[in-house]
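Participant: One structure, pasted below without further comment.
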Amino acid sequence: MGDKLRIILSGAREFILKYGIKELNIHNLGSFLSMSEKELLTLFPNEAELVERVLEFERESFKSIFDENNFEDTNAIEILMIVSQEMSNRFLELSPSFTTDLKDLYPEIYHNHIEQRVDFISMKMKINIEKGIRQGIYREDLSIELLARLYISRLLDLHNPAFFPSEGFSFKVLYDVMIDNFIRGIANDEGLRHYKKLRRNYKMC
């Protein structure tokens, strides 16, 4: 992905954060970025293509967390905390209403995006749980497949405004509570001791 396209997609994401995905179109984005509609149309022939590229950019940005950090010699609990901190810094500004609007406006793009996100996160969670068990900081009786699915289920629930209306709950707080409970539920006594020490260095709940 070229630098120019990256800047445009980053700007489109900023636009969504400020105005919502319902207002995202070529005309509005052009005004927001001080670019001509003609120039944007050479990259995105329609709004659906624009939305799809923004979501692709979002997924690649999440994957880059794992590319930028060498987790080979890092214990499983600290990996979860580093990834959570990076997610908090990069992604948690998006409100649950974004997911609802995306699903209503672009259902096919939404389902494809969710499927790819779920597949990637599920794979990383399975690797993490296996690693934590090997390192002796997660309980040995864990079902790796079940725990990965439960994590995904909880993550998706956080985006449900029927459960957590945005005016009553900060998504960052919801996510921090969720990951805190998740770690406490899978760590053994040694892991919990290590987790409590690590929390002092991270902005966890």
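Participant: If we count every other residue with Cβ under 13 angstrom of K196's Cβ, Lys/Arg +1 and Asp/Glu -1, where does the sum land?
Facilitator: +1
Participant: What is the sum of charges around N25, taking Lys and Arg as +1, Asp and Glu as -1, for the other residues whose C-beta is under 13 Å from the C-beta of N25?
Facilitator: Local net charge: -3.
Participant: In the chain, carbon and sulfur make up what percent of the accessible area (probe 1.4 Å)? Intermediate results must be reported in sequence, preceding the final value.
Facilitator: Working: 5520 of 11200 Å².
That fraction is 49 percent.
Participant: What FRET efficiency comes out for the pair R200/S34, r = Cβ-Cβ distance, R0 = 35 Å, nearest 0.05? Numbers along the way, then the final one.
Facilitator: Numbers: r = 45 Å, r/R0 = 1.27.
About 0.20, to the nearest 0.05.
Participant: Right, here's the next one. How much length is gained if the chain between R6 and L156 is pulled fully straight, taking 0.36 nm per residue apart and subtracting their Cα-Cα distance, in nm to one decimal?
Facilitator: Going from the current span to full extension adds 51.3 nm.
Participant: Next up: Amide H neighbours of Y138 under 5 Å, counting only residues 5+ apart in sequence or on other chains, H built in-plane at 1.01 Å?
Facilitator: I133, N188
Participant: Under a 1.4 Å probe, what is the accessible area of the chain per residue, stated in Å²?
Facilitator: For the chain, the solvent-accessible area averages 55 Å² per residue.
Participant: How long, wide and thick is region 1-114, going by the Cα atoms along their three principal axes, in whole angstroms, largest first?
Facilitator: Rounded to whole Å, the extents work out to 49, 30, 23 Å.
Participant: Can you work out D for the chain in µm² s⁻¹ from Stokes-Einstein, where Rh is the Kirkwood radius over C-alpha pairs, the temperature is 4 °C and the viscosity is 1.567 mPa s?
Facilitator: The estimated diffusion coefficient comes to 70 µm²/s.
Participant: Can I ask one more? If I model a spin label at S122 and S64 as a point 7 Å from the Cα along the Cα→Cβ vector, what separation in nanometres do I get?
Facilitator: About 2.7 nm, to one decimal.
Participant: Determine the gain in length on full extension of the stretch H111-L43; use 0.36 nm per residue of separation and subtract their C-alpha separation, reporting nm with one decimal.
Facilitator: Details: separation 68, 0.36 × 68 = 24.48 nm, distance 2.30 nm.
Gain in length upon complete extension: 22.2 nm.
Participant: For a quick check, take a GNM of the chain with Cα springs below 10 Å and name the residue from G11, G185, G168 with the largest mean-square fluctuation.
Facilitator: Per the Cα network of the chain with a 10 Å cutoff, G168 tops the list.
Participant: Just from its helices, what would the mean residue ellipticity at 222 nm be for the chain, if runs of 4 or more DSSP H residues each count -39500 (n - 2.57) and the sum is divided by every residue, rounded to the nearest 500 deg cm²/dmol?
Facilitator: -23500 deg cm²/dmol
Participant: What whole-number distance in Å separates the alpha-carbon centres of region 106-130 and region 30-78?
Facilitator: That distance is 16 Å.
Participant: Compute a Gaussian network model of the chain, connecting alpha carbons closer than 10 Å, and tell me which residue from D101, D189, D141 fluctuates the most.
Facilitator: D141
The values are calculated or read from the model by the stated rules, or taken from the named source; none is laboratory data. Every value quoted in this text rests on a predicted model; they were computed, and no experiment measured them. Every residue, glycine among them, receives a Cβ derived from its backbone with ideal geometry; neighbour counts consider all protein chains shown. All accessible areas refer to the heavy atoms of the entire protein, side chains included, with ligands and DNA or RNA removed. Shrake-Rupley method; radii C 1.70, N 1.55, O 1.52, S 1.80 Å.
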